[in-house]
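> Sharing a structure with you now.
The values are calculated or read from the model by the stated rules, or taken from the named source; none is laboratory data. Just so it is clear, the model here is predicted, and its values are computed rather than measured. In this analysis, Cβ positions are derived from the backbone assuming ideal geometry, glycine residues included, and neighbour counts consider all displayed protein chains. Surface accessibility is based on the protein's heavy atoms, side chains included, excluding ligands, DNA and RNA. Shrake-Rupley method; radii C 1.70, N 1.55, O 1.52, S 1.80 Å.
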Amino acid sequence: MVRSLLLVGVGFMGGSLTLALRKRGFGGEILGVDLSQEAIAKGIERGAIDRGWTSLEEVDDWDVDMVVIATPVRTFRRIGEDLKGFVRKDTVVTDLGSVKGRLVEDLERILGKTFVGGHPIAGTEKSGVQNSNPDLFEGKKVIITPTGRTDREAVEKVRGMWEETGAVVEFMDAHLHDWVFGAVSHLPHAVAFALIDAIIEMSGEFDLFRYPGAGFKDFTRIAASDPVMWRDIFLENRENTLRAIDIYISSLKKLRGLIKEEKIDQLTAFLEEVKDRRMNLE
Ligand code: NAD
């Protein structure tokens, strides 16, 4: 059982996790570390952490059962190296990062068998602890990516923590995870960012952003997501994201060809098939 927790990165996701645990009766101390003093202050005000510091060196109590890393993914290796000097041998370290694969291998190499990779499949385009939501994980999937070396007890502690929040835990290989989420999460974000860029390109003297339809707003909501977080995700899952973008470009070209050549029947069939697949999602 986890009695005390250190959150590294007191932002939207980390705050949502600790608020969810608090709401469901977690009585232990929750410590926080964030580069931003403002995030620490807001985290305390919001009840997401009890005490906090702007660096790991300042933490005055390392008797914590669990450390949760909830910063942008490209900071994880450095944070892992820093944590190594402080954590107890049996402290479980886990993360909320959107990329796993090599990152999990590296963190396991740095921290040993008590590191357990995790990725909650929940979130929004909003960031910051002020937007945290204690019910964010209710009924949502959380992917845990243990390797052959991961300590079983550590895995069970991480699973227990997530189940406490109302989430449904699923296990997956870390590299498979990156291929899957490269396709269904990282590609749609890339497309939304690129679509806004295309509209900027097309808005010469005439500002197209004055006429946003409902479809445009729905489709591009996620382009308002945090740039640093997404820069890190694209770079950390570079190969899978590039592969997904290439396949998407082929699909766009297929659609372009059908429109250009006015292939009425094939265009209808294409749109019908896509619509069916999308409707099956609901
Ligand atoms: P956020 O911007 O709300 O919070 C990140 C916090 O980390 C900020 O307060 C920032 O000051 C702090 N930080 C940055 N670098 C740091 C460092 N080196 N040391 C200490 N603190 C540092 O971001 P978020 O949305 O909470 O995302 C956090 C993690 O969760 C990311 O790894 C992201 O991939 C993952 N994630 C996000 C979502 C989502 O929808 N937002 C969903 C699933 C997973």
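> Please name which of LEU195, ALA183, THR147 has its Cα lying farthest along the dipole of the chain towards the positive end, using unit charges on Cβ (Lys, Arg +1; Asp, Glu -1) and the Cα centre as origin.
ALA183
> Once you put a point 7 Å from the Cα of VAL184 and another 7 Å from the Cα of TYR211, both along the Cβ direction, what distance in nm separates them?
Result for the modelled spin labels: 3.6 nm.
> Starting from the residue with the highest accessible area, list MET229, MET66 in decreasing order, probe 1.4 Å.
Numbers: MET229 70, MET66 0 Å².
Listed by decreasing accessible area, they come as MET229, MET66.
> If you don't mind, there's one more thing I want to ask. Could you tell me the calculated FRET efficiency between ARG109 and LEU271, based on Cβ-Cβ distance and R0 = 41 angstrom, to the nearest 0.05? Before the final figure, lay out each step's value.
Numbers: r = 48 Å, r/R0 = 1.17.
Here the calculated transfer efficiency is 0.30.
> Hey, what angle do you get for helix 238-260 against the long axis of the chain, alpha-carbon based, 0 to 90 degrees rounded to 10?
20 degrees
> Using only Cα atoms and rounding to the nearest 10 degrees, what angle (0 to 90) does helix 227-236 make with the longest principal axis of the chain?
The answer is roughly 90 degrees.
> Can you grab the distance from the C-alpha centre of segment 207-282 to the C-alpha centre of segment 139-162, Å, no decimals?
33 Å
> For segment 4-172, rounded, prolate or oblate, judged on the Cα gyration tensor with a ≥ b ≥ c (square roots of eigenvalues), a/c < 1.5 rounded, else prolate if a/b > b/c? Let's see the in-between values first.
Details: a/c = 1.44, a/b = 1.12, b/c = 1.29.
Rounded shape, in that the Cα axes give a/c under 1.5.
> Same structure again: Work out the FRET efficiency for ASP197 and THR54 from their Cβ-Cβ distance, taking R0 = 30 Å, and round it to the nearest 0.05. The partial results should precede the final answer.
Working: r = 35 Å, r/R0 = 1.15.
Between ASP197 and THR54 the formula returns 0.30.
> Also: With every protein chain in place, what's the accessible area of THR268 (1.4 Å probe, Å², nearest 10)?
60 Å²
> How do LEU31, LEU208 rank by accessible surface area computed with a 1.4 Å probe, from largest to smallest? Don't jump to the answer; show the numbers that get you there.
Details: LEU31 5, LEU208 60 Å².
Reading off the accessible areas and sorting them downward yields LEU208, LEU31.
> Enter the accessible area of LEU271 (Å², nearest 10), with the probe set to 1.4 Å and all protein chains included.
100 Å²
> Go ahead and set up a Gaussian network model of the chain, Cα springs under 10 Å, then flag whichever of ILE30, ILE247, ILE222 fluctuates most.
Looking only at ILE30, ILE247, ILE222, the biggest GNM fluctuation is shown by ILE247.
> Apply 1/(1 + (r/R0)^6) to the Cβ-Cβ distance of GLU163 and ARG88, taking R0 = 22 Å, and write down the FRET efficiency to the nearest 0.05. Show your work: numbers first, answer last.
On the way: r = 24 Å, r/R0 = 1.07.
That gives a FRET efficiency of 0.40.
> Report, in debye and to the nearest 20, how large the dipole of segment 4-172 comes out about its Cα centre when Lys and Arg carry +1 and Asp and Glu carry -1 on their Cβ.
520 debye
> Kindly provide the GluC sites (Glu not before Pro) of segment 131-205 that DSSP labels as loop, not H, G, I, E or B, and whose Cβ sees at most 12 other Cβ atoms within 10 Å. Display every interim value, and only then the final one.
Values: sites: GLU138, GLU153, GLU156, GLU163, GLU164, GLU170, GLU201, GLU205; in loops: GLU138, GLU205.
Counting only loop positions with at most 12 other Cβ atoms within 10 Å, the GluC sites (Glu not before Pro) in segment 131-205 are GLU205.
> Going from most exposed to least, what order do ILE110, ILE121 have by accessible area with a 1.4 Å probe? Intermediate results must be reported in sequence, preceding the final value.
Working: ILE110 15, ILE121 55 Å².
So the residues, ranked largest to smallest area, are ILE121, ILE110.
> How much accessible area does MET13 have with a 1.4 Å probe, in Å² rounded to the nearest 10?
The value for MET13 is about 40 Å².
> Relative to the longest principal axis of the chain, what angle (0 to 90°, nearest 10) does the C-alpha long axis of helix 101-111 take?
10 degrees
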